Structure formats: C-alpha cells, structure tokens
Amino acid sequence: MGWHGYLVLWCGVFGTLALVGYGRSLAGMTPAQRAVRVTGRIERVGEPRHGSSPREGIAVVVSFQDPSSGQEFTVTNDGERGERISAAWTGREIGVHYPRGRPHAFRFTSDLSEGGRGLGWPTFAVFLVYAGPVVVAAIDWGWPWALLGFCGPWALSGLYHLPGNVRDRNRRLDTLAAMAAVPGRVVAVLKSVSTDDDGYTSTHLVPVVTFTTLDGRAVTAYCESGLPDPAGSQGLDVTIHYACDDPAVFVLDVEAERRSWKRDMAVNVVGVLVVAAAAVVGVVAL
C-alpha cells in the first residue's frame with residue numbers, strides 16, 4: 001500500500017471517529033452533556049501538614065444537593081476527585097459533576113458553568129484528518145506545502161484569538177490595579193518528589209499561605225510563585241494582594257505579575273508573526 005492508500009485509511013478511520021463524536025454531541029449523548037452539574041459549598045477547610053504532598057489539593061468538606069432526588073451529600077476530596085482544590089475558604093462555591101444517578105462518583109471542578117459539549121476528541125480527530133493530506137502533499141510536492149498547510153491555519157487562528165487575548169490581558173491588568181492588600185503567612189511547604197526514567201530525581205515545592213480578606217473570609221491557598229526561597233518560607237509573613245470578588249486570584253508581587261502579563265502578550269504577538277511569516281514563505285516557495 002502506497003502513501004495515498006495509507007492516507008485514505010488514515011482519513012477514513014479518523015473521519016469516522018469525528019463523525020461519531022459530533023453525532024453523539026448533536027444527540028446530547030456525550031458524557032460531558034449527560035453529566036449532572038451542581039454547585040457545591042465548602043463547609044470546612046483542613047489544615048495543611050508541612051512536608052506532605054500537594055497533589056491531592058487542600059483538604060475540604062463539601063456539601064451539595066442532587067437535583068433529581070433532593071438528597072443532600074457531604075463529601076471530601078480524598079483521592080482522585082477531579083480538579084485539585086488549590087484555594088479554599090468556608091462558604092466558597094465550587095462545581096460538582098457526576099454521571100446521572102451516580103452522585104457518589106462526583107468530581108470537583110473550578111468551573112461553575114454548564115461545561116463543554118464533549119467535542120474535544122472529535123475536533124482532534126478532524127485535525128488528524130486535515131494533517132494527513134498536508135503531510136502527504138509535503139512528501140509528494142515539497143516542504144512548502146507543510147509550511148502553508150500547518151502555519152497558515154495557525155496564523156489565522158492566532159489572528160482570530162489575538163483581540164480576545166488583548167482584552168483578557170487588559171482585564172487582568174485592571175484586576176491587578178484593583179486588588180486589596182492584606183497580611184498573610186506561609187503556614188506550610190508541601191513537597192513532592194518524582195524520578196524519571198533516567199533516574200533523575202526532581203523535587204517540587206508548594207508553599208501554602210493563609211490570609212483573611214477584608215470581609216472576613218479565611219483563605220487557605222497554594223502559592224506556587226512569588227517566593228524567592230520556597231524551601232525556607234514556612235512561618236514567613238507576606239503581603240497578599242487579592243481580587244475582592246474572588247480571593248482565589250491573588251499575587252505577592254503586583255509589579256512582577258504586571259511585567260509577566262506584558263511579556264506574555266509580547267510572546268503571543270511574536271508567535272503569530274512567526275507562523276504568519278512561515279506561511280508566507282511557503283506560499284512564495286510554491
């Protein structure tokens with residue numbers, strides 16, 4: 001079987017998967033669409049233990065109500081329970097989702113919206129269908145087709161999303177300017193150690209800070225940036241700058257965060273220019 005035969009097989013398999021996925025989505029049959037999504041409330045926040053692993057998140061007790069039965073559930077985030085809870089306070093609302101009729105199979109999420117439509121894998125399958133002809137065209141007709149085929153869509157996507165990225169950056173900068181400052185304290189430093197296939201051991205340190213907002217909410221949160229010496233930061237007094245409408249959004253150094261967002265915006269613009277230039281090179285070289 002030649003390249004073109006493999007291409008037909010490739011496109012047929014992944015095209016079928018994409019059609020099945022989109023069909024299930026239109027019929028409302030994907031797991032994401034069939035899941036029950038409710039709002040839970042944190043009732044109690046556990047005290048982080050210095051030196052423990054950060055992987056499972058801050059220990060919390062959450063209550064939520066199953067809308068079909070009206071039954072109230074009080075659960076914890078022990079074990080694999082969806083997204084890691086990295087900021088918690090009593091009364092905070094978090095998302096809870098679970099298969100219909102199975103509230104004990106719950107998962108936590110920071111997104112309180114209705115969630116997606118389960119189109120991630122079908123869309124990826126469409127990308128693979130598109131990638132097949134581009135690769136074969138590059139093999140048959142030369143490398144410019146690879147530049148045009150891959151960099152062209154990326155450039156268009158970048159140009160499409162760039163205004164939204166600019167608006168997000170401006171909103172983030174406005175949020176930084178409006179943050180309130182309160183005293184905080186590093187109460188623990190969590191540690192995880194991992195070893196790769198080559199035997200190299202790496203250590204990941206996550207300081208945990210506590211602070212009280214101006215309206216009296218006692219917040220416990222992971223602080224993964226902003227401390228120059230995380231290993232020796234336990235007991236350190238710090239100043240926390242937090243967003244008044246969401247204390248989970250906080251920084252230690254406002255100016256450093258502002259510079260970081262400006263650099264990220266510059267990187268986005270340069271990235272779009274690079275892929276656009278590569279696509280133009282592909283067109284000129286055809």
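The values are calculated or read from the model by the stated rules, or taken from the named source; none is laboratory data. If you're wondering where the values come from, they're calculated on a predicted model, not measured in any experiment. Cβ sites come from the backbone with ideal geometry, for glycine too, and all protein chains shown count toward neighbours. For accessibility, only protein heavy atoms count, side chains too; no ligands or nucleic acids. Shrake-Rupley method; radii C 1.70, N 1.55, O 1.52, S 1.80 Å.
Tabulated values for the structure
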read-out: The chain: DSSP helices with Cα axial extent of at least 30 Å and average Kyte-Doolittle hydropathy no lower than 0.5; value: 3-26, 120-141, 254-285
read-out: Exposure of Ser69 as accessible area (Å², to 10), given a probe of 1.4 Å and all protein chains; value: 80 Å²
read-out: q = 0.08, 0.11 Å⁻¹, the chain: log10 I(q)/I(0) [Debye, one scatterer per Cα]; value: -0.54, -0.96
read-out: Choice from Gly101, Gly118, Gly21 showing the highest fluctuation, given a GNM over the chain with Cα pairs closer than 10 Å; value: Gly101
read-out: Most mobile listed residue (Ile85, Ile139, Ile240) in the chain, GNM with C-alpha springs under 10 Å; value: Ile139
read-out: Leading residue at positive end of dipole, the chain (Cβ point charges), from Met265, Ala32, Val189; value: Ala32
read-out: The stretch 190-266: chymotrypsin sites (Phe, Trp or Tyr not before Pro) falling in loop per DSSP and having at most 12 other Cβ within 10 Å; value: Tyr200
read-out: P(r) weight above 23 Å for the stretch 152-286, C-alpha pairs, percent; value: 54 percent
read-out: For the stretch 179-286, size of Cβ-based charge dipole, Lys and Arg +1, Asp and Glu -1, in debye; value: 240 debye
read-out: Residue of Gly40, Gly95, Gly216 that the Gaussian network model of the chain assigns the largest fluctuation, springs spanning Cα pairs under 10 Å; value: Gly216
read-out: Dipole magnitude of the chain, debye to nearest 20 (Cβ charges: Lys/Arg +1, Asp/Glu -1, about Cα centre); value: 560 debye
